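To keep things clear, I will list the structure first and then write my remarks on it.
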Amino acid sequence: MQTQKEFTRKQILDSAEKLFSRKGFRNTSMREIATCAGVGLSNMYNYFENKDRIFCTLLQPLTDTFEKMLVDHHDPKSIDRLLPRLNSMEEQYVTDLVSEYHHLVTRYRQQMQLLFFKAQGSSLESFIDTFSKRCVRQVQAFLQHVGRKTADGYTQVPDFTIHLHTIWMLTLFKEITRRSMSPHDSRQILTDYVTFECIGWRERINR
């Protein structure tokens, strides 16, 4: 059974999400969230220390998923599992990636809209740049391990190249969530993206 505290917390988050979606983070106040949720302003601070904490809590499932995806795709500890799939670029590998990305943009569409279009003034305002830097470090570590597993050694890939590919992926998610399109169309776009990306990275790594 849901306790009163859990119910109130959910009311705050639901109300904040509606207001952030309509007005953006910067233009939404704690007082407005409290009023919308039917909670006293002073009581709000028993649940969340500030507006930014509410915003980050709303987006945590999405940001955690991005982090998990980054590690799952480029985990040096999983090189023996990942490298054969990267080298073969089998159809199932592409299909799995497309399904993963399609699930991501479908399940977290609302949260992506908040992250990409409504985060100005929050600590997640620079998420794209911050995540890109994480990607550069993770992918470079992964490529070093790839080099140790292959006869040709470490494949040098500039940090900026990895940065651009990360921005491309996030921009793709951003544009899909911005537009109204059918599941079929979004899946086709994701299939094109994954195909280009996978083949390109395979050729780059195997030079």
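Just so you know, all these numbers are worked out from the coordinates, no wet-lab data involved. Since this is a predicted model, take the numbers as computed values, not measurements. Every residue, glycine among them, receives a Cβ derived from its backbone with ideal geometry; neighbour counts consider all protein chains shown.
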Quiz prompt | Dipole moment magnitude, nearest 20 debye, the chain about Cα centre, only Lys, Arg, Asp, Glu C-beta charged | solution = 580
Practice problem: Of the listed values (1) 37; (2) 24; (3) 42, grab the one calculated as percent of Cα pairs over 27 Å apart from the structure here. | Solution: (3)
Self-check item: lysines whose Cα lies under 23 Å from that of K174, excluding same-chain neighbours fewer than 8 positions away
Solution: K18, K23, K68, K118, K133
Exercise. For the stretch 112-135 and the stretch 153-183, compute the distance between their C-alpha centroids and round to whole Å.
Key: 14
Quiz item: Can you give the FRET efficiency for R53 and Q113, using 1/(1 + (r/R0)^6), R0 = 22 Å, r = Cβ-Cβ distance, to the nearest 0.05?
Solution: 0.65
Quiz item: All other residues with a Cβ under 10 Å from the Cβ of T166 taken together, and with Lys, Arg as +1 and Asp, Glu as -1, what is their net charge?
Solution: +1
Exercise. Obtain the nm distance between the two label points defined at R22 and E67 by a simple spin-label model: each point lies 7 Å from its Cα along the Cα-to-C-beta direction.
Key: 3.2
Quiz prompt | All aspartates and glutamates inside 19 Å of K5 as judged from Cα atoms, apart from same-chain residues fewer than 8 positions distant | solution = D14, E17, E49
Quiz item: Within the stretch 35-74, whose backbone N sits under 15 Å from a point 7 Å along Cα→Cβ of D96?
Solution: 69-74
Quiz prompt | Between 0 and 90°, nearest 10: helix 79-88 axis offset from the chain longest Cα axis | solution = 70
